[in-house]
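Take a look at the structure set out below.
The values are calculated or read from the model by the stated rules, or taken from the named source; none is laboratory data. Quantities reported herein were computed from a predicted structural model and do not represent experimental measurements. For neighbour counting, all protein chains shown are included, and Cβ atoms are generated from backbone atoms with ideal geometry for every residue, glycine included.
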Amino acid sequence: MLACHHCGAAYRRPVLEPGQWAQCERCDNVLETYSTFTPGAWLAVILAALLCFALANAYPIATLLISGQSQAASFFDAIIITWQAGYPEVAVVSFAAGFLLPFVQLLLLLWVFSALALGRLPLRFEELISLIDLLKPWCMVPVFLMGILVSVVKLVGLASLVAGVGLFATAASAIFVTALTRLSAQKIRCLAHDIGLPAPFEALPKAPSPASFNRTWALIAAAVLLYIPANLLPIMQINSIAGNSAHTILGGVLELVSMGSYSIAAVVFIASVVVPLFKLVCLTVLVYLAQRRAVGALRTRTHLYEVVEFIGQWSMLDVFVVILLSALGRFGALLTIDPGGGAAAFAGVVILTMLAALGFDPRLAWRRAGHRRHLLPESAKMPS
């Protein structure tokens, strides 16, 4: 069986050929794609990701040179300095999203696919793959890589910057981690089933509860309240021999524009200003329409939810930029960069909006519009 987690429709699993995928006939959500990789091939990708991830965190990301002095910084240096600067909440969130949760996810995938490659199911298979699904949205290695690139652009005008092994290893690990996002719990079940293992398919999920509306509204309201200080308070403070200055999110975007880095400025503006606002507005509309039992544009609303879910983690970009700049900019009286109160508030906005998106069940929109779960013969098969 295959169940659509976006609209609640259930299907008998079809047999896919190369270049085909199974798509929900009700909401167009992709349920399964033909798997070219075997469990052994996925295991090789996981091992490569772990190796690159270890190198990325063991070596400095970059070294900053000013007036004969040098300052190298790794990811852990950035976390420690952010904690010492008086923002432990920012340090904890960054550590979890940039290292702890991706590392745990890779270890879980290693455990599962080591067993699958040997032709057996690992112990507690269902619990492990469910946990992998829960961790996936919070693993932000690609976002951290983009944060490194933005930090490099910001510092190029101040001093000489030498890329370290950690930068290239982070780029490689971001590629592998992005590839591994295709391994959902349902995908892993299908892989196990296809090699003849007795992997039970997921039981049809229970009907969504309208009680989630109140929780989602509370998270949205809290995110809106935090969004105000996140934009008004400085996200970082720069102290140098030329003077002291505090930079807000929009101030940082304008600084990049003045430096001529228009593309990077656009990326930061979209990730730190447009994306949070877009998520808040879209979630508000989606929850309101579902609660009012609106029957129109259900497919469009489902696609909109997919977009909100996908872009959620990219708002973390500015937080990663701040902690990296704080780690690299430690030159005493010459230059010191510290996080600001805006960084803590903005990290809170990111977490709350992601929790709101993940906590809202898009099946509610279909159910309250009169579409109950029903069993269809098989999902549509479409050529790639």
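Key figures for this structure:
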read-out: GLU127, sole failed condition from (1) on the phi < 0 side of the Ramachandran plot; (2) touching a residue at least 40 places away in the same chain (Cβ under 8 Å); value: (2)
read-out: Checking LEU283 against (1) in contact with a helix residue (DSSP H, G or I) (Cβ under 6 Å, 6 or more places away or on another chain); (2) assigned to a loop (DSSP other than H, G, I, E, B); (3) under 27 Å from ARG26 (Cβ atoms), the condition it does not meet; value: (2)
read-out: Odd one out for GLN71 among (1) assigned to a loop (DSSP other than H, G, I, E, B); (2) in contact with a Leu (Cβ under 6 Å, 6 or more places away or on another chain); value: (1)
read-out: First in segment 7-25 and aromatic (Phe, Trp, Tyr), second anywhere and buried (at least 19 other Cβ atoms within 10 Å of the Cβ) and not in a strand (DSSP E or B), Cβ under 7 Å, 6 or more apart; value: TYR11/SER379
read-out: ALA221 in a helix (DSSP H, G or I), at pLDDT 85 or above and under 22 Å from the mean Cα position of the chain (by Cα); value: yes
read-out: The one condition in (1) more than 23 Å from TYR87 (Cα to Cα); (2) in contact with an Asp or Glu (Cβ under 7 Å, 6 or more places away or on another chain) that ILE311 fails to fulfil; value: (2)
read-out: Whichever residue in segment 328-346 is surrounded by 24 or more Cβ atoms within 10 Å (Cβ to Cβ) and at pLDDT below 85 and, among such residues, is farthest from ASN239 (Cα to Cα); value: LEU328
read-out: Filter pass, ALA48 being within 30 Å of CYS190 (Cα to Cα), part of a helix (DSSP H, G or I) and at pLDDT 95 or above; value: yes
read-out: Which listed residue is surrounded by fewer than 18 Cβ atoms within 10 Å (Cβ to Cβ) and either outside the structural domain of ILE337 (by TED's automatic domain parsing) or in contact with a helix residue (DSSP H, G or I) (Cβ under 9 Å, 6 or more places away or on another chain) (or both), from LEU121, LEU145; value: LEU121
read-out: Complete set of residues in segment 1-22 that are surrounded by fewer than 19 Cβ atoms within 10 Å (Cβ to Cβ) and part of a strand (DSSP E or B); value: ALA10, GLN20, TRP21
read-out: Some residue of segment 168-178 being farther than 19 Å from GLN105 by Cα, part of a helix (DSSP H, G or I), at pLDDT 90 or above and not acidic (Asp, Glu); value: yes
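For every residue, the table says whether it meets (1) surrounded by 18 or more Cβ atoms within 10 Å (Cβ to Cβ); (2) over 24 Å from LEU51 (Cβ atoms); (3) free of Cβ contacts under 8 Å to residues at least 12 places away in the same chain.
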{"site": "LYS136", "(1), (2), (3)": "yes, no, no"}
{"site": "VAL153", "(1), (2), (3)": "yes, yes, no"}
{"site": "VAL165", "(1), (2), (3)": "no, no, no"}
{"site": "ARG189", "(1), (2), (3)": "yes, yes, no"}
{"site": "LEU197", "(1), (2), (3)": "no, yes, no"}
